[in-house]
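Worksheet: the structure to be examined is printed underneath.
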Amino acid sequence: MSADLPFFRYHPDPLASGSIRESAETCVCCELSRGWVYTATFYTARDVSGGFCPWCIADGSAAERFVGDFTDSYGLDGVSGDVLHEVTRRTPGFHAWQDPRWLVHCQDAAAFVGEVGYAELAAHPEALDQLRTDMRLDGWHDESRLEHFLTSLGEEATAMLFRCNNCGVHLAYPDAS
């Protein structure tokens, strides 16, 4: 990530994930054109016409001014109020086919790494094993169907990959249209 952009502990490379892109657009919060704009979700009841700069996300002013969240709190059970606030109101969200959710490990929100296919996921066997286990718990009992789905990730479905900020373990969940 560019050294002049704010650092987001729970989304360390929003440029790679596509959540922030280069743009001459003016931020609807600070009304400055700072060269970058946020492109993913923002949940609010207010009318927001335009994007936010990364600085207004990082300092919380965008979420405060427009009374909104960049990420739903779904999945963030067991984290402190401070972590919940940082992830939902001061961290860029990410693009997903279904409603995005944040994963938790070591009683902390994990860092979003990005959307991945099978090859990238297989490089993190602990994430692939965790995903298999979660999918079995969700009713995927036919092993050949489960393995076919997993090896097809990157085609009609993907996985959202996270890394624990405390122990470094990788986690994932599937996302499909």
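The values are calculated or read from the model by the stated rules, or taken from the named source; none is laboratory data. Worth saying up front: this structure is predicted, and the values here are computed from it rather than measured. Cβ coordinates were reconstructed from backbone atoms using ideal geometry, including for glycine residues, and neighbour counts include every protein chain displayed. Note: accessible area is taken over every heavy atom of the protein model, side chains too, but ligands, DNA and RNA are not part of it. Shrake-Rupley method; radii C 1.70, N 1.55, O 1.52, S 1.80 Å.
If packing is taken as the average count of other Cβ atoms within 10 Å, what order do 156-168, 95-107 fall into, highest mean first?
Descending packing order for the listed peptides: 156-168, 95-107.
Listed highest first by mean packing, meaning other Cβ atoms within 10 Å per residue, what order do 109-120, 129-140 come in?
The peptides rank, most packed first, as 109-120, 129-140.
With a probe of 1.4 Å, find how much accessible area the chain has per residue, and write the answer as a whole number in Å².
That works out to 50 Å² for each residue.
Tell me the net charge near PRO174. Cut-off is 12 Å between Cβ atoms, PRO174 excluded, with +1 for each Lys or Arg and -1 for each Asp or Glu.
The answer is -3.
Arrange the peptides 52-62, 8-18, 24-34 so that the one whose residues have, on average, the most other Cβ atoms within 10 Å appears first. Walk me through the intermediate numbers first.
Numbers: 52-62: 21.6, 8-18: 18.5, 24-34: 15.4.
In decreasing order of mean packing, 52-62, 8-18, 24-34 become 52-62, 8-18, 24-34.
Taking springs between alpha-carbon atoms closer than 10 angstrom, which of GLU86, GLU22, GLU143 fluctuates most in the Gaussian network model of the chain?
GLU143
Treat each spin label as a single point 7 Å out from the Cα along the C-beta direction, and report the ASP138 to ALA176 distance in nm.
Here the modelled spin labels are 0.9 nm apart.
Which percent of the accessible heavy-atom area of the chain goes to carbon and sulfur, probe 1.4 angstrom?
With neighbouring chains kept in place, the figure for the chain is 47 percent.
Which whole-number percent gives the relative contact order of the range 53-157, counting Cα pairs below 8 Å spaced six or more residues apart?
Computed value for the range 53-157: 22 percent relative contact order.
Excluding GLU86 itself, calculate the net charge of residues whose Cβ lies under 14 Å from the Cβ of GLU86, where each Lys or Arg counts +1 and each Asp or Glu counts -1.
Around GLU86, the charge tally is -2.
Taking Cα extents along the principal axes in Å straight from the coordinates, which label in (1) 57, 35, 29; (2) 45, 36, 26; (3) 53, 33, 33 is the correct one?
Given (1) 57, 35, 29; (2) 45, 36, 26; (3) 53, 33, 33, the structure-derived one carries the label (3).
Could you tell me how many degrees, from 0 to 90 and to the nearest 10, lie between the Cα long axis of helix 125-137 and the main elongation axis, the longest principal axis, of the Cα atoms of the chain?
Tilt relative to the chain: about 80 degrees.
Just want to confirm a number: the relative contact order over the range 28-73, from Cα pairs under 8 angstrom separated by 6+ residues, in percent. Mind showing how you got there, number by number?
Values: 52 pairs, mean separation 21.0, N = 46.
Reported relative contact order: 46 percent.
Specify whether the C-alpha gyration tensor of the range 103-147 places it in the rounded, prolate or oblate class, a ≥ b ≥ c being the square roots of the eigenvalues: rounded for a/c under 1.5, otherwise prolate if a/b is larger than b/c and oblate if not.
Values: a/c = 2.58, a/b = 1.42, b/c = 1.82.
Oblate shape, in that a/c is at least 1.5 and b/c is the bigger or equal ratio.
Tell me the relative contact order for the chain as a rounded percent, counting alpha carbon contacts under 8 Å between residues six or more apart.
Averaging sequence separation for qualifying contacts and normalising by length gives 20 percent for the chain.
In the range 73-149, with Lys and Arg counted as +1 and Asp and Glu as -1 at Cβ, which of these residues, LEU84, PHE112, GLN130, has the Cα nearest the positive end of the dipole, that is, farthest along it?
My answer, from the dipole projection, is LEU84.
Taking the Cα centre of the range 85-141 as origin, work out the dipole magnitude from +1 charges on Lys and Arg Cβ and -1 charges on Asp and Glu Cβ, in debye rounded to 20.
Once rounded to the nearest 20, the dipole reads 140 debye.
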